[in-house]
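> Here it is, the structure, as structure tokens.
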């Protein structure tokens, strides 16, 4: 990966911790976007689970050039660190007028890690319009403990994201986020290339931490989402505090005393 | 006689609280709802659905958290099933 890639700021990483994704519109050059669908139709060679990126995608390959786009490289390094491994990758196609959407789901299986996470890259080489079945995702759902498509009963949630985007857009997702491919009501095949990354280092202060004390960090972490019950929303903030403590190595970090208050037991042993 | 089912997820356990999420299943075959097909809920509250003729037939129970899992979040908590018959 490029070493000059711009790292995310603390405010951007806090936004990722709250939302469960980091979106970068039109960051991939047109030259790559123009080649993408041909490459995907020809098939991207499979790689064994857990292969280091540099071995999974050889120098000059399409996937390697995608990951070398400076904004992509910097954001990935900020979230999963240097030298992640490739869990798996896949080209997802939503066929025109294909009938139904995917059920809302989280990928893989229920994953309760609170001090580590995988990142899924989603790359859209073409413009995705409202009728093309762009990915549905639910901001802030990634820390909910649910297993795969057990959430399939939920069709729509307030504040959900029905992705529309310009060509060359990349979204990095926390592994737990609720999402699904929407029904494609257009006449155009819709492509998305996904790569799941596993960290190989502790995910602690991997980003540009110069703004760690910026007041917008707790503001981002405190966000309430329109689909989330008010009471449960407080627990979501509590769980983000736990994740932020793990990602910064600061066991005293808190917002509005949520975590401190419920741990205060004067004179009692742990 | 065919059944239409509306599922509303509310902000609290009160039936007159705000709709946060929703799903619709149509046994009449007149519509074909699916995941991610709308950004606006059909009603603002559960009671608004009652006023429009939907019959409530199931509501989620209030279950205390399992010990040790008080801060875990999971499925949406306040689920209400309604029906209409045609």
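> Is it the case, given these coordinates, that residue A:139 is crowded, with 19+ Cβ neighbours inside 10 Å, closer than 17 Å to residue A:225 by Cβ and more than 10 Å from chain B (Cβ to nearest Cβ)?
Answer is yes for this residue.
> Whether any residue in segment A:104-115 is over 14 Å from the mean Cα position of the chain (by Cα), within 14 Å of another protein chain (Cβ to nearest Cβ) and crowded, with 21+ Cβ neighbours inside 10 Å is what I want to check.
Within segment A:104-115, one or more residues are over 14 Å from the mean Cα position of the chain (by Cα), within 14 Å of another protein chain (Cβ to nearest Cβ) and crowded, with 21+ Cβ neighbours inside 10 Å.
> Still on this structure, I have one more. Return a yes/no flag: does segment A:235-250 have any residue that is more than 29 Å from residue A:67 (Cα to Cα) and either more than 21 Å from the chain's Cα centre (by Cα) or part of a strand (DSSP E or B) (or both).
There is at least one residue in segment A:235-250 that is more than 29 Å from residue A:67 (Cα to Cα) and either more than 21 Å from the chain's Cα centre (by Cα) or part of a strand (DSSP E or B) (or both).
> In addition: Of the residues that sit in segment A:175-209 and are under 30 Å from residue B:18 (Cα atoms) and part of a strand (DSSP E or B), which one is nearest to the other protein chains (Cβ to nearest Cβ)?
Among residues in segment A:175-209 that are under 30 Å from residue B:18 (Cα atoms) and part of a strand (DSSP E or B), the one nearest to the other protein chains (Cβ to nearest Cβ) is A:180.
> Any residue that is facing chain A (nearest Cβ under 10 Å), closer than 30 Å to residue A:111 by Cβ and exposed (fewer than 12 other Cβ atoms within 10 Å of the Cβ) - is there at least one of those in segment B:66-85?
yes
> Residues to consider are A:159, A:152, A:99, A:130; find the one that is free of Cβ contacts under 8 Å to residues at least 40 places away in the same chain, over 14 Å from the mean Cα position of the chain (by Cα) and over 25 Å from residue A:73 (Cα atoms).
After ruling out the rest, the residue left standing is A:130.
> Yes or no: segment A:252-265 includes at least one residue that is touching a helix residue (DSSP H, G or I) at 6+ places or on another chain (Cβ under 6 Å), surrounded by fewer than 16 Cβ atoms within 10 Å (Cβ to Cβ) and over 28 Å from residue B:41 (Cα atoms).
no
> So residue A:194 fits all but one of (1) in contact with a helix residue (DSSP H, G or I) (Cβ under 8 Å, 6 or more places away or on another chain); (2) at negative phi; (3) surrounded by fewer than 19 Cβ atoms within 10 Å (Cβ to Cβ); what number is the exception?
Tallying (1) in contact with a helix residue (DSSP H, G or I) (Cβ under 8 Å, 6 or more places away or on another chain); (2) at negative phi; (3) surrounded by fewer than 19 Cβ atoms within 10 Å (Cβ to Cβ), residue A:194 fails exactly one: (1).
> Say whether the condition of being out of contact with any strand residue (DSSP E or B) (no Cβ under 6 Å at 6 or more places or on another chain) and under 30 Å from residue A:31 (Cβ atoms) is met by at least one residue in segment A:201-209.
Yes, segment A:201-209 has at least one match.
> Moving on. Taking segment A:142-162, which residues are more than 8 Å from chain B (Cβ to nearest Cβ) and buried (at least 24 other Cβ atoms within 10 Å of the Cβ)?
If the condition is that a residue be more than 8 Å from chain B (Cβ to nearest Cβ) and buried (at least 24 other Cβ atoms within 10 Å of the Cβ), then A:142 is the only one that fits.
> Additional query: Where in segment A:20-137 are the strands (runs of 3 or more DSSP E), entirely inside, with at least 1 residues that are modelled with pLDDT under 95?
Qualifying strands (runs of 3 or more DSSP E): A:85-94.
> Scan segment A:210-231 residue by residue and report those that are within 14 Å of chain B (Cβ to nearest Cβ), free of Cβ contacts under 8 Å to residues at least 60 places away in the same chain and either touching a strand residue (DSSP E or B) at 6+ places or on another chain (Cβ under 6 Å) or surrounded by fewer than 17 Cβ atoms within 10 Å (Cβ to Cβ) (or both).
Within segment A:210-231, A:224, A:230, A:231 qualify.
The values are calculated or read from the model by the stated rules, or taken from the named source; none is laboratory data. Only a predicted model underlies this, so the values are computations on that prediction, with no experimental measurement involved. Methodologically, a virtual Cβ is constructed for each residue, glycine included, from the backbone with ideal geometry; neighbour enumeration extends over all protein chains shown.
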